[in-house]
Amino acid sequence: ALTKSILDAAIEAKATDLETVKALVVNGTPVANLIVDEIGKTGEKMELGYYEAISAPYTTAYIHPGNKLATIVGFNLADTDYQVAHDVAMQAAAMSPIAVSRDEVPADVVEKELEIAKDKARQEGKKEEMLDKIAQGRLNKFYQEATLLNQAFVKDAKQSVRAYLTSVDKDLTVTSFIRFTLND
């Protein structure tokens, strides 16, 4: 009940970050104090350690059985089909992408992947003048594996997630996603 009341307050306030959620007042008490009160009642260490929100015309959530993995995915079209959205949310859970598209992969990750690819090519005995081209090819493969829209669609590996979405509606795409995992 406490979790639901905090979440309801966060949604109503359109909270965008953890500090905003902790400062919210639920039933006359700040959320941070509610957590401390709950610790006193249960004797269990608890903390509100993470909160993130996405905004999109259509969003869907997927919780993997066992409640230790979940995703929230935002789409650009308000009338996105539930099953299509659910399939993409399951994809994000199963395939653990790091970004929606190649444009959203952080520059430091791209640099690191290029260096790894060059080092690997060097170890394979490739010529120094070929390393950049080889690394670029391997970076493209990285994008196919690590970006949601470029991944092979798990329900039909012959097409990418992007191709699946455009087969449903030529304008449909993912705008953002969040992937949560809980550790024991």
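The values are calculated or read from the model by the stated rules, or taken from the named source; none is laboratory data. Only a predicted model underlies this, so the values are computations on that prediction, with no experimental measurement involved. Methodologically, a virtual Cβ is constructed for each residue, glycine included, from the backbone with ideal geometry; neighbour enumeration extends over all protein chains shown. Just so you know, the surface numbers come from the protein's heavy atoms only, side chains and all, with ligands and any DNA or RNA stripped out. Shrake-Rupley method; radii C 1.70, N 1.55, O 1.52, S 1.80 Å.
For this structure, a couple of remarks:
- Exclusive hit being over 21 Å from Tyr62 (Cβ atoms) and not aromatic (Phe, Trp, Tyr), set Gln159, Gln151, Gln144: Gln144
- Criterion: more than 26 Å from Tyr50 (Cα to Cα) and loosely packed, with under 12 Cβ neighbours inside 10 Å - qualifying residue of Gln83, Gln151: Gln83
- The residues on offer are Leu139, Leu172, and the sole one that is touching a helix residue (DSSP H, G or I) at 6+ places or on another chain (Cβ under 7 Å) and part of a helix (DSSP H, G or I) is Leu139.
- Segment 8-24 - residue that is of a type in the set (A, V, I, L, M, F, W, C) and open to solvent by less than 90 Å² (accessible area, probe 1.4 Å) and, of those, nearest to Ile54 (Cα to Cα): Ala15
- Checked against (1) in a helix (DSSP H, G or I); (2) in contact (Cβ under 8 Å) with a residue 40 or more places away in the chain, Leu34 passes all but condition (2).
- In segment 65-121, residue nearest to the chain's Cα centre (by Cα) [restricted to those that are part of a loop (DSSP other than H, G, I, E, B), within 23 Å of Phe180 (Cα to Cα) and among the small types (Gly, Ala, Ser)]: Ser96
- Considering segment 32-79, and only residues there that are among the aromatic types (Phe, Trp, Tyr) and at pLDDT below 90, the residue that is least open to solvent (accessible area, probe 1.4 Å) turns out to be Tyr51.
Every residue, every condition in (1) of a type in the set (Gly, Ala, Ser); (2) closer than 30 Å to Ala163 by Cα, yes or no:
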position	(1), (2)
Val31	no, no
Lys41	no, no
Gly49	yes, no
Thr59	no, yes
Met90	no, yes
Ala94	yes, yes
Pro106	no, yes
